[in-house]
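Everything below concerns the one structure shown next.
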Amino acid sequence: MADFLYITLEKNMPSVRPVYWWPMIFEGMRRASFQFHDPRQAGKDGSYFTSNDIRCTFQALWDALYLHHENPLVAFWFASQNVAPFYCEVSVHEKANNGWQIDLTIEDGQLRQGEAKEIFGAFLRAGLALYELCAPCSITMYWDEEVSVYQLMRTRSVTRQEPLEPCVFASKKLSWQEVACLSENRIFVANPMPIHSGGEEPFQIFSLFPREF
């Protein structure tokens with residue numbers, strides 16, 4: 001059974017529909033060098049999921065969002081000279097009391113051995129780009145089954161200088177590494193970072209820094 005790494009943003013916004021968020025999502029993913037079309041294919045098709053997987057053009061996806069009022073899970077692809085193509089998925093969820101949640105997810109099998117650090121870095125940059133566009137909002141990162149126990153991201157106002165307490169993941173003490181300062185908040189992620197690459201293998205603890213995001 002697959003595990004998923006999440007970056008979740010939450011924001012209160014009254015009187016909007018799910019389509020309100022999609023232009024910001026596409027802009028944020030573009031800033032992080034993700035694209036809708038699958039680079040493994042000759043054409044410009046991408047894919048989304050509602051009740052089943054649908055391969056389509058960008059225009060067909062836009063029609064699904066704006067004409068048919070669907071709220072899909074959309075795949076965004078990343079490819080570079082250093083990393084084989086991989087995708088993550090973005091979805092929008094309406095919550096109670098005018099709340100909205102944007103989930104950016106990547107399946108553990110996408111975090112391939114030998115490329116996990118680069119793939120994680122691209123995934124993190126996408127989450128930070130969405131945060132910058134949607135702020136003020138909250139942002140968290142976690143493995144799906146561990147959300148209530150292991151939070152892998154923290155934010156703190158720039159006016160607060162006291163250090164963060166270390167976190168513990170599966171008995172491993174992790175410190176915090178600042179990766180961005182956006183909208184008057186400093187953003188930290190756990191370092192080293194627990195990464196699962198799929199299958200029955202246990203979590204591996206990767207030191208992701210120093211590097212720039």
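The values are calculated or read from the model by the stated rules, or taken from the named source; none is laboratory data. Just so it is clear, the model here is predicted, and its values are computed rather than measured. Methodologically, a virtual Cβ is constructed for each residue, glycine included, from the backbone with ideal geometry; neighbour enumeration extends over all protein chains shown.
Determine, yes or no, whether S91 is closer than 22 Å to F123 by Cα and either assigned to a helix (DSSP H, G or I) or under 17 Å from the mean Cα position of the chain (by Cα) (or both).
Yes; evaluated as a whole, the condition is true for this residue.
Looking at W143 and the list (1) surrounded by fewer than 18 Cβ atoms within 10 Å (Cβ to Cβ); (2) in contact with a Leu (Cβ under 7 Å, 6 or more places away or on another chain); (3) of a type outside the set (D, E, K, R), which single condition is not satisfied?
If we test W143 against (1) surrounded by fewer than 18 Cβ atoms within 10 Å (Cβ to Cβ); (2) in contact with a Leu (Cβ under 7 Å, 6 or more places away or on another chain); (3) of a type outside the set (D, E, K, R), just (1) comes out false.
Does the range 184-208 hold any residues that are surrounded by fewer than 16 Cβ atoms within 10 Å (Cβ to Cβ) and either among the charged types (D, E, K, R) or not in a strand (DSSP E or B) (or both), and which are they?
Scanning the range 184-208 gives E184, G198, G199, E200, E201, P202, S207.
So how many residues does the range 104-153 have that are in a loop (DSSP other than H, G, I, E, B), within 15 Å of the chain's Cα centre (by Cα) and more than 20 Å from H93 (Cα to Cα)?
Adding up the residues that qualify gives 3.
How many residues are more than 22 Å from L128 (Cβ to Cβ) and either of a type in the set (G, A, S) or within 19 Å of the chain's Cα centre (by Cα) (or both) if we restrict to the range 182-202?
Within the range 182-202, residues that are more than 22 Å from L128 (Cβ to Cβ) and either of a type in the set (G, A, S) or within 19 Å of the chain's Cα centre (by Cα) (or both) number 3.
Among the residues of the range 53-68, is there at least one that is closer than 20 Å to D103 by Cα, assigned to a loop (DSSP other than H, G, I, E, B) and either in contact with a Phe, Trp or Tyr (Cβ under 7 Å, 6 or more places away or on another chain) or of a type outside the set (V, I, T) (or both)?
no
Mind checking which residues of the range 40-57 are touching a residue at least 24 places away in the same chain (Cβ under 8 Å) and either surrounded by 13 or more Cβ atoms within 10 Å (Cβ to Cβ) or of a type in the set (G, A, S) (or both)?
So in the range 40-57, the residues touching a residue at least 24 places away in the same chain (Cβ under 8 Å) come out as 40, 46-49.
Within the range 40-57, G46, S47, Y48, F49 meet the criteria.
Select from the range 165-199 the residues that are farther than 17 Å from C137 by Cβ and of a type in the set (S, T, Y) and list them in ascending order.
Once the filter is applied, which keeps residues that are farther than 17 Å from C137 by Cβ and of a type in the set (S, T, Y), the range 165-199 yields S171, S175, S197.
Starting from residues that are at positive phi and of a type in the set (S, T, Y), keep the ones in the range 158-213 and report whichever is modelled with the lowest pLDDT.
This residue is S171.
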